[in-house]
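I have placed the structure first, in the form of structure tokens, so that the comments after it can refer back to it.
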Amino acid sequence: MKLLLLLLLSGLCSAQYNPNYRSGRTTMVHLFEWRWADIAAECERYLAPNGFAGVQVSPPNENLIITSPNRPWWERYQPISYKICTRSGNEQQFRDMVTRCNNVGVFIYVDAVINHMCGAGGGSGTRSTCGSNYNAGSRDFPAVPYSNLDFNDGKCKTASGNIENYGDVYQVRDCRLVSLLDLALEKDYVRGKIADYLNNLISIGVAGFRFDASKHMWPGDIKTIINRLNNLNTQWFHGGSRPFIFQEVIDLGGEAISANEYYGNGRVTEFKYGAKLGNVIRKWNGERMSYLRNWGEGWGLMPNDRALVFVDNHDNQRGHGAGGASILTFFDARLYKMGVGFMLAHPYGSARVMSSYRWTRNFVNGQDVNDWIGPPINSDGSTKSVTINADSTCGNDWVCEHRWRQIKNMVIFRNTVDGQGLTNWWENGGNQIAFGRGNRGFIIFNNESSNMDVTLNTGLSAGTYCDVISGQKEGTRCTGTQITVSSSGSARFTISSSADDPFIAIHVNAKL
């Protein structure tokens, strides 16, 4: 009996690290600021057919409408209530999206803003996406309801009420993050309201949550809320399945709060991943791709089974939230594709791909003063639909990196090699590297200023393979480069230093 209880508890403790993906799928995409109707369509027409596992969606709860500046992206992170009602759509459209995506095996992960409500200077009235009444000054949010008893104003010891010193763990967790009204998560009532909100989303069919601003919440408070969550909806998930949890904790080292304090609750966003990989791909500070031989924990990154990894996210592509200059984004398309290609080929961590919209950058003293710009909007302020061009790219200023052939095909590569170890590592000591994933796939990069011409052991069986970066397999032919693997498993690779995509990837499902 004791052994059975231990096994049960062990299963419960490990369940929140499992994203519950459908078998054969490995990667989620963040469709940042997309409308629910567009996500539903994208699940059916593109994500499911191309093996994507899930979608991280923008916060679905009612938020403050901000008109100065005009509807910035960050208004979504200023809750007014837990009603499902935003510029992405209403509750009926949200439910329709979850149902349609789940039905094709692409699961929904909600960006949950539970640390705070809107800013202290948010005013009062009904200036919110559902029209609910609120008063930020008196801490009154009747649509939840929350009152002044439910916030940390009395607990914070700074003169401003805001975080003033990131070296003080009490300030970071009990004071206001950039003036956002900090909820008292140690209170049972507040925990109950948050759990009710998350359980409503679970009942609709979501598969898990990104906890925004987790660093600003006590790990024990998060754990108590997680323990109140229901199992996932059995219409789409196995009985007893627990929601996947990944927590936003920015930890580049040197601060009072460490990401490892949150490992007991679920996975954690590994911000060092994109910052360090960006330095390597850019060849800054003497970094070389050959140094990636022991990438992952060998680079001081968090344990593999705790890491949610990404090249960029909606914050740091704008220079926010550990957004150093090394971060690769769609603005650096050639380098970005290499970075995402490496992430999706390498076995470390649970991977998330970014899908963005375009804005005009304007740098003043090194800072993009347009970093606030929200999604593409119509003249009435509503979010523009995501239109699909004849060549499969997106219109209306939606970037859709997940639809770039190179990234989409690397998602398929990751699915194909899942469970295989890293094998047949090769390097030139500089910025040419190659590695395999068991006997299922092989990838090679040339990030040098000179051309590459090498013959390497791939670990694959003999035959002709389609490079899935320059093209792909279509029927009985390759639309891009063909790679011939000999009976000994070796193949010749030539990559020009001036190639738009200076890497090649092959796998068993791209074999003619």
Given Asn200, Met217, Trp236, which one lies farthest toward the positive end of the charge dipole of the stretch 157-282, if we put +1 on the Cβ of every Lys and Arg and -1 on the Cβ of every Asp and Glu? Trp236
Show me the ranking of peptides 110-121, 418-429 by mean Cβ neighbours inside 10 Å, starting with the highest. 110-121, 418-429
Multiply the residue gap between Asn509 and Gln235 by 0.36 nm, knock off their C-alpha separation, and tell me the result in nm, one decimal place. 95.5 nm
With mean projected area of the Cα convex hull in nm² as the read-out, I listed (i) 26.9; (ii) 24.2; (iii) 25.3; which label goes with the value calculated from this structure? (iii)
Averaged per residue, the 1.4 Å probe accessible area of the chain, protein heavy atoms only, in Å², is roughly 37 Å²
Gyration tensor verdict on the stretch 122-241 (Cα atoms; rounded if a/c is under 1.5, prolate if a/b is larger than b/c, oblate otherwise): oblate
The chain - charge dipole about Cα centre, Lys and Arg +1 at Cβ, Asp and Glu -1, debye rounded to 20: 980 debye
Among beta bridges assigned by DSSP with both residues in the stretch 138-251, the antiparallel ones amount in percent, to the nearest 5, to 40 percent
Expressed as a percent, the accessible surface of the chain that is carbon or sulfur, using a 1.4 Å probe and the full set of protein chains, is 48 percent
Please give the contour-minus-distance gain from Trp299 to Lys283: 0.36 nm per residue of separation, less the Cα-Cα distance, rounded to one decimal in nm. 4.1 nm
Global form of the stretch 235-350, assessed from the alpha-carbon gyration tensor, a/c cut-off 1.5: prolate
Please work out the FRET efficiency for the pair Asn227 and Tyr170, using the Cβ-Cβ distance as r and a Förster radius of 25 Å; give the result to the nearest 0.05. 0.55
Where does helix 188-204 land angle-wise versus the long Cα axis of the chain, in degrees 0 to 90, nearest 10? 50 degrees
Of Leu460, Val369, Ala159, whose Cα points farthest to the positive end of the dipole of the chain (charges on the beta-carbon: +1 Lys, Arg; -1 Asp, Glu; origin at the Cα centre)? Leu460
Whole-Hz ³J(HN,Hα) for each residue in the stretch 289-298, computed from phi via Karplus 6.51 cos²θ - 1.76 cosθ + 1.60 with θ = phi - 60°, x for glycine and proline: what do you get? 5, 4, 6, 6, 3, 10, 4, x, 4, x
What angle do you read, to the nearest 10 degrees and between 0 and 90, between the alpha-carbon axis of helix 405-417 and the longest principal axis of the chain? 80 degrees
Could you tell me what percent of the DSSP beta bridges with both partners in the chain are antiparallel, to the nearest 5? 65 percent
Projected label distance in nm at Ser487 and Ser379, using a 7 Å step from Cα toward the beta-carbon: 7.2 nm
Heads up, the stretch 398-486 by the C-alpha gyration tensor (a ≥ b ≥ c square roots of eigenvalues; a/c under 1.5 rounded, else a/b over b/c prolate, else oblate) looks rounded
Return one number: the angle in degrees, 0 to 90 and rounded to the nearest 10, between the long axis of the Cα atoms of helix 271-282 and the longest principal axis of the Cα atoms of the chain. 40 degrees
Do any of Lys215/Lys272; Lys272/Lys473; Lys337/Lys473; Lys193/Lys223; Lys408/Lys511 go past 26 Å between their Cα atoms, and which? Lys272/Lys473
Using the per-residue mean of other Cβ atoms lying within 10 Å as a proxy for protection, in what order, highest first, do the peptides 170-182, 356-368 fall? 170-182, 356-368
Need the C-alpha centroid separation for the stretch 368-393 versus the stretch 85-158, integer Å. 23 Å
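The values are calculated or read from the model by the stated rules, or taken from the named source; none is laboratory data. All values derive from a computational prediction rather than experimental measurement. Please note: Cβ atoms are built from the backbone with ideal geometry, for glycine as well, and neighbour counts cover all protein chains shown. Note: areas computed on protein heavy atoms with side chains; ligands, DNA, RNA excluded. Shrake-Rupley method; radii C 1.70, N 1.55, O 1.52, S 1.80 Å.
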